[in-house]
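Below: the structure, in structure tokens.
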Amino acid sequence: MAAAAPYAMALVHAGAHRLAPIACPMPALGPGQLRLRVQACGVCRTDLHIVDGELQTKTLPRVPGHEIVGRVVEVGPGCVSAKPGDRLGVPWLHGSCGRCDWCTSGRENLCPDAVFTGWSVDGGYAQYAVVGEADSVAIPPNYSDTQAAPLLCAGLIGWRALRMLPGAASVGLYGFGAAGHLVAQVALAEGRRVYAFTRPGDDAAQALARSLGVHWAGDSTQAPPTAMHGAILFAPVGALVPTALEHTAPGGTVVCAGIHMSDIPSFPYRTLWMERCVRSVANLTRRDGRDFMAWAATHPLTLSTTVYPLAEANAALDDLRAGRVSGAAVLSCD
Ligand SMILES: [Zn+2]
Ligand SMILES: [Zn+2]
């Protein structure tokens, strides 16, 4: 029997709210590019925004997925060090211009011409994917393929968001899914107090938070035991911005870590007064990838994952949309 042709799960029609199987895109490799056999790909809330049309894609069909763990099967011209069999990760930032003010100052996450995996180019809900060697990141050996996948966005964006809260002795996390459960462990390892806020009634997420050692877990309508020095919003709910500010101490910062959020309602100036800040975190830099993977290599993270076969990608998206995933959803693509 002939081997089945490689396939991918793609958004074929705008507004379809679901993916359909297509023949796996297999473009010829350009200079500096690698082809990976995808082993696992994390399912991120950003994928949901793309599938549900909150983030528009210019090209269809489009294969989502930007938490790719794969092994090199083909090396394009001009690659420097990668060789077949190497295990590499592919994050959200797929490439940037390399020439603009942001790229030349280590802030390629803000490049106006940046290209993003699974949004502006095809991603990892597939059996094969293409990555630029310079944009890939080595994966610590102490994580399996499905464990490593959520590190590539949930972990990395959480890492970058936490770096925006230097010196914050207590940190509130609004939304305790894939990113929250990873950044909580980083913050705890750094000796910070961690307060986890979940959707009302999400006992599973609160139980996960407590099992990881957070100092308090409750739902987002509750007040933390003490005012926080900083907060990170992973939930795409603008109404949580004034809520988080009200529970933040003078001088504290609220970081919005999602790419899409509902509108932030107006709130009294006194909620912002006393040098409180609201800021966003956008994308990631290559340095973030290297720094976080180096940290994760020496600080073993506990991964809570629910694994779905690639063909069941729609079930994974449905479960994420409905808040039924505890921790991170991951597709097994091998
Ligand atoms: Zn640039
Ligand atoms: Zn993501």
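Every read-out reported here was derived from the displayed coordinates using simple, explicitly stated rules and does not represent laboratory data. Just so you know, these numbers come straight off a predicted model, no measurement behind them. Glycine gets a Cβ as well: all are built from the backbone with ideal geometry, and neighbour counts include every protein chain shown.
Amide H to amide H distances under 5 Å link Arg193 with Ser170, Val171, where only residues 5 or more positions off or on other chains count and H is placed in the peptide plane.
Among the trypsin sites (Lys or Arg not before Pro) found in segment 71-106, those both in a DSSP coil and sparsely packed, with 14 or fewer other Cβ atoms within 10 Å of their Cβ, are Arg99.
Count the DSSP beta bridges whose two residues both fall in segment 37-154, then state the antiparallel fraction as a percent rounded to the nearest 5. Walk me through the numbers on the way to the answer.
Numbers: 13 of 14 bridges.
Taking every DSSP beta bridge with both residues in segment 37-154, the antiparallel ones total about 95 percent.
For the chain, the antiparallel share of DSSP beta bridges with both residues in that region comes to about 50%.
Are there any chymotrypsin sites (Phe, Trp or Tyr not before Pro) in segment 261-320 that are in a DSSP loop and have at most 11 other Cβ atoms within 10 Å? List them by number. Each step should come with its number before you reach the end.
Details: sites: Tyr269, Trp273, Phe292, Trp295; in loops: Trp273.
Passing both the DSSP loop test and the Cβ count: Trp273.
Ala257 sits among other residues whose Cβ lies under 13 Å from its own Cβ, and their net charge, with Lys and Arg +1 and Asp and Glu -1, is +3.
Checking every one of the GluC sites (Glu not before Pro) in segment 241-334 against DSSP loop status and a limit of 14 other Cβ atoms within 10 Å picks out Glu275.
Panel order for Thr248, Thr226, Thr146, by other beta carbons found within 10 Å of each beta carbon, from fewest to most: Thr226, Thr146, Thr248. Between Tyr128 and Val38, the built amide H atoms are under 5 Å apart, and every one of these is 5 or more places off in sequence or on another chain.
Distances between placed amide hydrogens fall under 5 Å for Ala329 paired with Val43, Thr306, all partners being 5 or more residues away or on another chain. Using C-alpha pairs below 8 Å separated by at least 6 residues, the relative contact order for the chain is 19 percent. Label separation (Ser262 vs Asp219): 1.5 nm, computed from points 7 Å beyond Cα along the C-beta direction.
What's the extension gain from Ala282 to Gln56 if we count 0.36 nm per residue and subtract their Cα-Cα distance? Working shown, then result.
Working: separation 226, 0.36 × 226 = 81.36 nm, distance 1.71 nm.
Gain on extension, Ala282 to Gln56, equals 79.6 nm.
Neighbours of His229, meaning other residues whose beta-carbon lies under 10 angstrom from its beta-carbon, give a summed charge of +2 when Lys and Arg score +1 and Asp and Glu score -1. Neighbour counts of other Cβ atoms within 10 Å put Ser304, Ser105 in the fewest-to-most order Ser105, Ser304. Here the chain was treated as a single set of alpha-carbon atoms; its pair distances binned every 10 Å from 0 give 6, 27, 35, 23, 8, 1, 0, 0 percent. What's the local net charge at Arg163, with K and R +1, D and E -1, over the other residues with C-beta under 15 Å away? It works out to a net charge of +4. Each of Ile264, Ile22, Ile139 was scored by other Cβ atoms within 10 Å of its Cβ. Listed from fewest to most, they are Ile264, Ile22, Ile139.
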